[in-house]
Amino acid sequence: MTANIASPHGNQPGTDVLVIGAGLSGLMAAVHAVQAGARVRLIAEGWGQQLIAPGWISVCDRADDDVIAEVRGYAALHPDHPYAKAGDDAMVHGLEAFQAITAAIGLSYDRRRRDGHNMRLITMLGAIQRVMMAPRGIANSDWTDVTESILLVGLRGWRDFYPELAAGNLRSQGIEARAIRIDLPEPPGPWDRWPTDLARLFDSSAFRAAIIKQVQPHIRGVEKVGFPAVLGLDHHTEALTNLSEQIERLVFEIPTLPPSLPGLRLSNRLRRWLLRRGVRVQIGHPVTRGLVEGDRCVGVEVQALGHVTPFYADHVILATGGLYSGGIQTSETGRVWEPIFDLPTAGPDVPGREGWYYDRLLKERGHPIHRQAGLRVDHDLRPLNAAGEPALANVYATGHMLAGFNPLTDGCAEGIALATAYKAVHTALELDDKNHRGATDTGL
């Protein structure tokens, strides 16, 4: 809920940019603001959907040819879509900046540079997912140019990945795949190991050596070797390189059940990068309401340690997520609302909840509530009021909380997070695209 309150100017130093939310769009908004020279504070109740998402970057999964060209064409035909609101320059620069920062923090993300097409990556069920960009370990699974067999390696007794199932489904699609299971070279551990437990084991060179010894007898006629995505936590790049060199085959990762190790690696390293640059990062503290003077937000109130603390800022980036992250909330009466500023929120154009869902659970385009619930924004990404004008002059919304798309089915959730984070910060700080920092020319 928004509170109209006079800000105590001079009582507490302000922050140039306050980011609310630590999902992909929130983290990247903080990165952009730091690179622009702003003072930044990031506050979030949790770490966002990257901890359950596979870790790759979907920009336009349905694209058969050039992904960027497909997005530009789609945005031109759908002016209310977040890609259209942010503009295609924001999309391109957002992708460039993300690729640059992940390389800088030691988690390189790869894509098919030669033609701009999507990669074709392997899922834990043996399906093929079309994705534009992915962390190198997952990107190594791109089967587009594979001419020999793929070997999938499972861990005996671990229930989160079944290599035989994945291999069988790959064979049904014409991809030659074999499966083996190996023993964990450790004394019996917990009955049900978490992915993070295994990732920490793979950080150890001695553990990897025991794994390599079991895999090597099975690599004849194999072009690539796939493991569940648990190949290291703090030393992932070292683990991936070491396994590939010693097995003498390109090693790749396959996303498994949450928590997502690729997402956890990304969150951890971006957080460390931000902290080293003086960003105040507060995770686990809910923002309860916005503080407003006239048409501007002057700050927010945060619940922490049994009391409420105000924080003030010149600009606010709202990146609290959609229906499944708490950024957009609903009730049994059919009400749909944004909880911090009580901003006008779009929803299905029917009373109650009767028009929210179709009769069938699985629908190709998803249900109305997933596409229509969210904030409507202008081309600066400022949420609109009932009259169609900016509700607050210095508040910008990003990512999954925007109306006009379905993050569950449209195959563009991460692309929108990156595009809108870039646009929001560059609009707030009035940056010129010619001077955008932190991005490199990737030929997009």
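Just so it is clear, none of the values below were taken in a lab; they were calculated from the coordinates. Note that this is a predicted model, so its numbers are computed, not measured. No Cβ is skipped: glycine too gets one built from the backbone with ideal geometry, and neighbour counts run over all protein chains shown.
Put simply, the amide H of Ser149, placed in the peptide plane, has neighbours under 5 Å in Glu223, leaving out anything fewer than 5 places away on its chain.
Pairs of alpha-carbon atoms within less than 8 angstrom and 6+ residues apart define the contacts here; what relative contact order does the chain have, in percent? Please list the in-between numbers first.
Working: 988 pairs, mean separation 110.5, N = 444.
Reported as a whole number, the value is 25 percent.
In the chain, the longest principal axis of the Cα atoms and the axis of helix 413-428 are about 40 degrees apart.
Given a Förster distance of 41 Å, report the FRET efficiency between Glu238 and Asp295 from their Cβ-Cβ distance, rounded to the nearest 0.05.
Working: r = 52 Å, r/R0 = 1.26.
Taking R0 as 41 Å, the efficiency between Glu238 and Asp295 is 0.20.
To the nearest Å, what is the center-to-center distance of the range 286-334 and the range 372-412, using C-alpha atoms only? Taking the Cα centre of the range 372-412 as reference, the centre of the range 286-334 is 15 Å away. Estimated from helical segments only, the mean residue ellipticity of the chain at 222 nm is -8500 deg cm²/dmol, where each DSSP H run of four or more residues counts as -39500 (n - 2.57). Axis angle, to the nearest 10 degrees, between helix 24-35 and the longest C-alpha principal axis of the chain: 70 degrees. Shown for Cys60, Cys412: other C-beta atoms within 10 Å of each C-beta, ranked fewest to most, produce the order Cys60, Cys412.
Relative to the compact-globule scaling 2.2 N^0.38 Å, provide the ratio for the alpha-carbon radius of gyration of the range 124-254. Could the numbers behind the result be given before it?
On the way: Rg = 13.9 Å, N = 131, 2.2 N^0.38 = 14.0 Å.
Normalised by 2.2 N^0.38 Å, the Cα Rg of the range 124-254 equals 0.99.
When each of Thr409, Thr333 is scored by the number of other beta-carbon atoms lying within 10 Å, the sequence from fewest to most is Thr333, Thr409.
Sort the range 89-140 into rounded, prolate or oblate with this rule: let a ≥ b ≥ c be the square roots of the eigenvalues of the Cα gyration tensor; rounded if a/c is under 1.5, and if a/c is not under 1.5, prolate when a/b is larger than b/c, oblate otherwise. Verdict is oblate for the range 89-140.
For the range 1-146, the antiparallel share of DSSP beta bridges with both residues in that region comes to about 65%. Summarise the long-distance tail of P(r) for the chain by giving the % of C-alpha pairs beyond 29 Å. Cα-Cα pairs of the chain separated by over 29 Å account for 49 percent. Summarising the amide proton neighbourhood of Ala134: residues at separation of 5 or more, or on other chains, whose placed amide H is nearer than 5 Å comprise Ile57, Asp110.
Would you work out the relative contact order for the range 124-254, in percent, from Cα pairs under 8 angstrom that are 6 or more residues apart?
On the way: 207 pairs, mean separation 41.8, N = 131.
Result for the range 124-254 is 32 percent.
For the range 217-365, the gyration tensor built on C-alpha atoms gives an oblate shape. Its axis ratio a/c (a ≥ b ≥ c) is at least 1.5, and a/b is not larger than b/c. Residue order for His117, His236, His81, fewest other beta carbons within 10 angstrom first, comes to His117, His81, His236. Take every Cα pair under 8 Å whose residues are at least 6 apart in sequence, average their separation, divide by the length of the range 266-403, and the relative contact order is 21 percent.
The lysine pair tally for the chain, using Cα distances under 29 Å and a gap of 8 or more places or different chains, is 5.
Looking at the chain, the DSSP beta bridges with both ends there are about 40 percent antiparallel. Amide H contacts for Thr288 (H built 1.01 Å from N in the peptide plane; partners 5 or more residues away or on another chain; cut-off under 5 Å): Glu301, Val302, Gln303.
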